[in-house]
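Visitor: Let me give you the structure first, and then I'll get to my questions.
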Amino acid sequence: MKEDTSELNEKQQDLAKDADAASPALEELQKAYDDLNSRYLRLAADFDNYRKRMAREIDARTTFAIEDFAVELLEVVDNFERAEKVDGAGLKEGMEQIRKLFMAILDRHGIKPIECRDLPFDPERQEAIAYVPSAAEEGTVIDEVIRGYCMQDKVIRCAKVVVSKGKEE
């Protein structure tokens, strides 16, 4: 029995020595883990802060873009107010100048009217509100009731048009 106990004691001592030898390696691994974990947490917090900052900047840009556009439109409003005070022949000329100014502002912002009169009907850019007989070929836009507009090649308002049914027999 004494031999069995001495053998067990030797094994326990060997295990204790191995554990003591592994302890510094385990401590190094724990330190590396803690370092990586804290770096990960800081990186996650930095990314979250970046995401919030970008959202605030996008909101600010949008607000300032709308503000700049509104300031330009106020020039048109000022001209309408001046036109209200004018009598006679100058009124029609003033209204034409205001329309040109307004269209120039829209053009600077990439907003352009959709040309559709005497062209084939395009359901992606136009909305047919009437289908009437006429001398024009069937499917041709013969009248534009409300003008449509595109912004940077994207339709922002479809044109409301009258489409030819062709000659009625």
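The values are calculated or read from the model by the stated rules, or taken from the named source; none is laboratory data. What you are looking at is a predicted structure, and each value in this text was computed from that prediction instead of being measured. All Cβ positions, even for glycine, are placed from backbone atoms using ideal geometry, and neighbour counts span all protein chains on display. Just the protein is used for accessible areas: all its heavy atoms, side chains included, with ligands, DNA and RNA removed. Shrake-Rupley method; radii C 1.70, N 1.55, O 1.52, S 1.80 Å.
Visitor: List, please: which pairs have Cβ atoms under 6 Å, are six or more places apart or on different chains, and start with a residue in the range 150-167 that is closer than 9 Å to ILE111 by Cα and end with one that is of a type in the set (Val, Ile, Thr) and open to solvent by less than 100 Å² (accessible area, probe 1.4 Å)?
Guide: Listed pairs, sorted by first residue: CYS150/ILE114; MET151/ILE111.
Visitor: A further question follows. All but one of (1) without any contact (Cβ under 8 Å) to a residue 40 or more places away in the chain; (2) small (Gly, Ala, Ser); (3) loosely packed, with under 14 Cβ neighbours inside 10 Å hold for ALA136, so report the exception by its number.
Guide: Of everything listed in (1) without any contact (Cβ under 8 Å) to a residue 40 or more places away in the chain; (2) small (Gly, Ala, Ser); (3) loosely packed, with under 14 Cβ neighbours inside 10 Å, ALA136 misses just condition (3).
Visitor: All but one of (1) open to solvent by 60 Å² or more (accessible area, probe 1.4 Å); (2) in contact with a Ser or Thr (Cβ under 9 Å, 6 or more places away or on another chain) hold for VAL163; state the number of the condition that does not hold.
Guide: (1)
Visitor: Ok, one more. Looking at the range 105-130, which of the residues that are closer than 25 Å to VAL163 by Cα and charged (D, E, K, R) is least open to solvent (accessible area, probe 1.4 Å)?
Guide: ASP122
Visitor: Pull up the range 50-73, narrow it to residues that are open to solvent by 100 Å² or more (accessible area, probe 1.4 Å) and hydrophobic (A, V, I, L, M, F, W, C), then point me to the one that is farthest from GLY110 (Cα to Cα).
Guide: Once the filter is applied, the top-ranked residue is PHE64.
Visitor: Being surrounded by 15 or more Cβ atoms within 10 Å (Cβ to Cβ) and β-branched (Val, Ile, Thr) is the filter here, so list the residues in the range 86-104 that pass it.
Guide: The answer is ILE98, and nothing else.
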